[in-house]
Every structure is written in structure tokens, then in C-alpha cells.
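The values are calculated or read from the model by the stated rules, or taken from the named source; none is laboratory data. Quantities reported herein were computed from a predicted structural model and do not represent experimental measurements. Ideal geometry is used to build each Cβ from the backbone, glycine not excepted, and the neighbour counts take in all protein chains shown. Quick note on the areas: whole protein, heavy atoms, side chains included, nothing else; ligands and nucleic acids left out. Shrake-Rupley method; radii C 1.70, N 1.55, O 1.52, S 1.80 Å.
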Amino acid sequence: MRLFTTILGLRCYLDSCRFKRHDLERSGSYPEVATPLEIGFVPTMGALHAGHLSLIQRARKENKIVVVSIFVNPLQFAPTEDFQRYPRTLKQDQTLCEQAHVDALFVPDAEELGLIKRMTNGEWRSRSVSEGVMANSELKTPNSKLKTQNSKLKTQNSKHSLRERYANKTQNSKLTQVLPPTSLTSELCGRSRPEHFQGVATIVTKLLNIVQPTRAYFGQKDAQQLAVIRQLVMDLNLPVEIVGCAIAREPSGLALSSRNQYLSGTEREQAAMIYRALQQASSAFQAGERLGSKLIGAVKAMLTTAPNLIPEYVELVHPMTMTPLTQIEDTGLLAVAARIGSTRLIDNVLLSDRQPIVAIDGPAGAGKSTVARLVAQTLGLVYLDTGAMYRALTWLVMQSGIAIDDEPAIAELVSQCQIEFREQGTGNKDQEGKDLNSKLKTQNSKLKTQNSKLKTSTPSLASSAIFVNGQEVTQAIRSLEVTSQVSAIAAQPAVRWALVRQQQLYGKHGGIVIEGRDIGTNVFPDAELKIFLTASVQERARRRQRDLQDQGIGDVNLGKLEQSIYDRDRKDSTRSLAPLCKADDAIELITDGLTIQAVIDQIVERYNATIQF
């Protein structure tokens, strides 16, 4: 692991990684279409715990390079808050990052990030560990000579803390800051911490610009922060994917937080009541309760059983806009902030009325497409044919006369095209067609969650046609010409990025079955049911041999088929773009010796068990 305290050092390191990859691609070491170096970024304020580590682990799984930053951000603390006593455990954090196989740890100080003047009377300012500015003498480095000068840096505990100095409006006005929409910051934590999210948005934007990651990882516990960051990334057109990760909890259910170490044993026990109260409301929601007043009331009633727990707010809001909700129509965020002693804690739960999503991943030749189609038909769900989407775009590229390797032109095309699934028989008249996303929304609003396993009128792919920009291409995309070019188109990062987002739009209201290589880890990481469908190389080779024989190709060497499948597995698992990956919470089904019907029966059984509350 490399340690950096300066922007220049970190950027130099990341540039060297990018250039090294570029050289390998030019030398032929990367046979695929050239893709950007995938960098995962986990910004933290240190005092790392299992929640932070879960973010790092996910970043490690999804990226080639993982960068973690540690910076106690003075801008997000009010003068009366706990900036001075916020836990600082740099040596322990460094050890944890090393154990988690982080590639680069970035520990800037406030001067490095431009929050205070770097020089005073021509000399470098002393940097205070107590003020969130980590002296290099605390940092383990391979060069012991760094300790000599850094050991002279003194810890300053003056009355005028960095937070207090920075809170001064005159100094504040000298820094360009990011102002999130008031609609996102005026509710929940924003009422008691009016400048908090401005401080968060400013520093996160600076860090994203410094690191320039492919993906940045944030915990769902700070749901309002997550919504603010997603909005600023969208509004400022920052080229980064924001990944929200599930809340990590202690065995008692208490959400993990660096501030938990402030709690005494008794306080920790009472603090766990926050999660139990949220679970009580979740149970009511699952039983059919949709009124915000009832759900909020259920939480407040339980919180009263912990006498030292003082609620600051219990509210129901939309998870993306933070708009207060009186009733849940689709999805709601039930959020709590409470104080116990001098410690402020937050927690939340997402309440979603959507139908389950079934994500089926697995290696080539495992029968994913066939099984996914039949599972969708059996359950009355939509089979979202992602392969057809890539074929449709390939057809459009060819019709437009664009060269297959003209990635910028294809990126321009895919960002503007509209791919729709419609019921068969609607023709290409817009007024007659009803895309599946609209149908899913209509159907979902009519169904009760508890009986969503019953048959519905939702069409499967067998009764759907595919349209591109209003033109039906259901048969045209199956041509040999399209088939010969679709792999080259699908391998392009811009194409993948755009079509994954279209797939996520279709899945917004649930009720779909979708298969691929990384559906459960990347496309729908929140899918209610994740299946990893696989079979031994030998079994898949035998199946392929039978298929070829059925097509009249009788003389097929089984050993060569096995080697081909083995090579394909290795390629799919190590590819830089959308690698084959089993989600941690996926159910693995090994299909050796099983009939297709037996596999379908197992998945349907798992589905029915998943939606039982």
C-alpha cells in the first residue's frame, strides 16, 4: 500500500497506473477493447470500523485500484460540535487498510486541500494532529528519514480551533464552495446542521476531482448525504458512479459509526433500540401499512422504551429527493436521529413496495437465458432480455453507417437512442404500444406485496417486441450481420454504461427476471433474489456437444469443448469490463445432473420464500 499526503503525489501515482495500463494495452497484453483503469474510491474521516471495511471490500471486488482517503472535514462541523474530539486513529486505520489490500491511502491536511493558508510569513505552517491535520510522523512510511523533521511538529490545542477559524464568514467567503439544492438539505439533519451538507459537498467534490475515480462508495446510513452527493455528481456532470452500500450493523442491530465509541455499555444497549424501532415499522409496512403517520408512530412508540434516548427527528421522506411523504406509493426512507448522552446517532430503513427482482448470473453455457425466460413465464414476471438490447443498438449502429470501432460516434448514438420492449401486436404506433416499464409501474401499484407471487398479466419476452427509436426490430436484430458484430459493440465502456442505466430504469419498479455476468453485483445489487447458476466444465461441454449434434454437427471433440469453456470462464472472470462475479449474497445452484424443470422449480421455490414476510 502506498501512502500519500499531497495531491501531487497521489495524482502522480494514479497517472503512473493509468499509463502503465495504456502501455500494456498497446503491447497486446490486454486483448479486449481498451477500457479506462477502474479506480474505486472510499472517502472517510478515519476511525475505521467494519462498516468502512465493507465499503473497501466492495471497492476491491469491483475495481483494479482502490484509494481510501482520511480527512476529518472541518467544514461539516458546527463550532459547537465534536470536531476536536472526533476519533483519530491513524495508525490503526493504516493497518486496517493494508489488511484490506488498499492500493493507496490519501491523508491530506486542511492546508493541502486549500482550506487554510499554506504559508505564513514565507514559512510552512505547523500542522496539528488534534485539528484533523495528520503529521507525517504518525504515518508509517518505508523511508524512516521522514521522521526526523516531522517529529518536530507540535500538537496544538488552542482555543481557536481550525473549525472555529474556518467558521468565520470572512474566511469562508474566500473558498469556492458547492451549494447543494435546499430541497435536499432543509429536512432531516439539515434543520439542526444548516451548513453541514455544504461542507460535505465541497470536500467530496474536491476529493472526487483529485482522485477521479470510476466509482465512489458511500454508506446508506448517511442517506441524506448519499442523496446530496448523487445529485451534485449528476448536476456537475462528474464522470463517477456513486455506489450506495448497505448499512453495516453490530450484532444488536446498532448501525456502525465512529461515534459509537463514545457510548458506554448501557448507552450502547439503549442505542440499539433505534434499529429495533425501525424494524417494528418495517414489519408494519410489510403487513400493508403505508401511512407515514402510522409508520412514524410505530418508531416513536418504541423509542420511548429507552429513557435516555432523545429523538431529534423521526421522518418519512423520499430517498432521492428528501421530500416528506405522508404515504408510501413506491419507496420511502424512514429516518431517525437521536441523542444519547452527548452522542448523536442516525439510522434509517428503506421501505419499498416494488415487486422482487430476480438476478441470475453465471458462466457461459450454464443455461441462464433458457432458465430466466422460463422462470419469468412461470412467475408471470418480465424477462428483461439484455442481449436483445445490445443487439438492438448494434443494428442501429449498422443502419446509421457508423464504423464498429468508432467509439465516440457510438457513444453519441447510444446516449440518444430509445430502446423499448412492447407487447406483441402493437405495431410501431406509439399510441398503441405500451412499454414494459410503464406496464410494470401500473401493475406494481395494483398488487399487494404479500401476494405478489400470484400470476399477473405482465408479459414475458415471448410476447414482447423490441423497438429502437419507435421502429420494431425484433427479427432484424437476429440477423447474422448483427450477430457477428454485437460482441464488439457490447465490449465498449460507453455502450455498457448507457445500457446498464436503461436496464436499471426498467427495473425501477421490480417484477423482472434478468440474467448476465454481473447483474447481482453491479446492475441490480439490491435485487431481492440473486441466483448464481453454474455447472461443471464437463457438464457444460456435454450440453454443448448435444446442442451441436442436434444441429447436425456430429463430429465434435468433447475435450476441445471443455478447453474452450475453461478458457471462456477465465476470460469472463478476469475481463476489465463487467467481469463474471458471484454476489456475496447470491444462492449458488450447481445444475449438474438436474433437468431444466428441476432448476426452475428450485428458483421459484426460493422466490416464493423471498417474498414471504
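Packing, as the average of other Cβ atoms within 10 Å across residues, places the peptides 214-225, 302-313, 537-548 in the order 214-225, 537-548, 302-313, highest first. A simple packing score, the average count of other Cβ atoms within 10 Å per residue, orders the peptides 182-190, 387-395 as 387-395, 182-190, with the highest score first. Of the accessible area of region 459-613, computed with a 1.4 Å probe over protein heavy atoms only, carbon and sulfur atoms account for 50 percent. Each residue was assigned an accessible area with a 1.4 Å probe, and for S573 the value is about 60 Å². For the pair E588 and K571 in one chain, pulling the backbone fully straight at 0.36 nm per residue adds 4.1 nm over the alpha carbon distance.
Here region 499-613 is treated with +1 on each Lys and Arg Cβ and -1 on each Asp and Glu Cβ, and its dipole about the Cα centre works out to around 380 debye. Here region 178-243 has 50 percent of its accessible surface on carbon and sulfur atoms, given a 1.4 Å probe and all protein chains in place.
Summarising the label geometry, the points placed 7 Å from Cα in the beta-carbon direction at E412 and T370 lie 4.4 nm from one another. In region 272-332, carbon and sulfur make up what percent of the accessible area (probe 1.4 Å)? With neighbouring chains kept in place, the figure for region 272-332 is 56 percent. Compared with the alpha-carbon gap, the fully stretched path from A301 to E481 is longer by 58.4 nm at 0.36 nm per residue.
Peptides 554-563, 576-585, ordered by how many other C-beta atoms sit within 10 Å of their residues on average, highest first, read 576-585, 554-563. Largest accessible area first, the residues H49, H318, H101 order themselves as H101, H318, H49 under a 1.4 Å probe with ligands, DNA and RNA left out. If only the Cβ of Lys and Arg carry +1 and only the Cβ of Asp and Glu carry -1, the dipole of region 314-392 around its Cα centre is close to 220 debye. Residues L350, L3, L48, ordered by accessible area of protein heavy atoms at a 1.4 angstrom probe radius and largest first, appear as L350, L3, L48.
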